[in-house]
Structures are given as structure tokens and as C-alpha cells.
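Colleague: First the structure, which I've put down as C-alpha cells, then a few questions once you've had a look.
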Amino acid sequence: MVSTMTDISDTQVSTGAAIRERRKLLGLTQAEVAALCEVSRDTVVRAEADDGGIAVGTLRRIAAAVGLEVTLQPRYRES
């Protein structure tokens with residue numbers, strides 16, 4: 001079976017939904033993702049629920065564990 005990657009950067013998918021979808025695509029449990037990035041399962045649950053209160057660094061580690069990247073960039077270009 002051939003797996004295709006989808007660029008989600010231009011969609012209305014939330015960060016949490018993207019992490020959850022990718023985790024499921026990889027066949028990983030929330031506990032397995034938590035172990036990979038050394039956070040609690042509850043933190044992964046909160047990230048997938050877009051619950052907030054999660055440090056950007058932690059969110060980046062969770063995303064990286066499922067092969068995603070979180071980037072920050074300026075909202076407006078400086079003139």
C-alpha cells in the first residue's frame with residue numbers, strides 16, 4: 001500500500017486534529033507518542049484537543065514525534 005502525504009498548511013485543520021490524524025495514520029497510540037517525546041499521555045490528549053496551555057516547545061516535540069513540524073513566522077511582513 002502506498003501512503004501519500006498531504007500538505008495541511010493551507011487547510012482549516014486545527015493543530016490538534018493534524019497531530020491526531022497523523023498519529024492514527026502511523027498506527028500509534030497516545031501513550032506511544034507520549035513516550036517518544038517524554039511527556040505525559042494527558043499532555044498528548046490536551047494537544048490533540050487544542051486545549052491550550054501547552055508550551056510551544058512541548059507542542060513541537062509532540063508534532064515531531066508524529067513527523068510534523070510546527071513553525072512560527074511573522075503574521076505581517078515588515079516594510
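The values are calculated or read from the model by the stated rules, or taken from the named source; none is laboratory data. Just so it is clear, the model here is predicted, and its values are computed rather than measured. Every residue, glycine among them, receives a Cβ derived from its backbone with ideal geometry; neighbour counts consider all protein chains shown.
Colleague: Take region 21-79 and flag every residue that is among the polar types (S, T, N, Q) and more than 12 Å from the chain's Cα centre (by Cα).
Modeller: Across region 21-79, the qualifying residues are Thr29, Ser40, Gln73, Ser79.
Colleague: With the requirement that a residue be among the hydrophobic types (A, V, I, L, M, F, W, C) and either assigned to a loop (DSSP other than H, G, I, E, B) or touching a residue at least 60 places away in the same chain (Cβ under 8 Å) (or both), what does region 10-40 give you?
Modeller: Of everything in region 10-40, those that are among the hydrophobic types (A, V, I, L, M, F, W, C) and either assigned to a loop (DSSP other than H, G, I, E, B) or touching a residue at least 60 places away in the same chain (Cβ under 8 Å) (or both) turn out to be Val13, Leu28, Val39.
Colleague: Please go through region 39-79 and give me each residue that is over 14 Å from Ile19 (Cβ atoms) and among the basic types (Lys, Arg), ordered by number.
Modeller: Passing the criteria: Arg75, Arg77.
Colleague: Another one. Taking region 41-66 as the search range and keeping residues that are out of contact with any helix residue (DSSP H, G or I) (no Cβ under 6 Å at 6 or more places or on another chain) and assigned to a loop (DSSP other than H, G, I, E, B), which one is modelled with the highest pLDDT?
Modeller: Ala55
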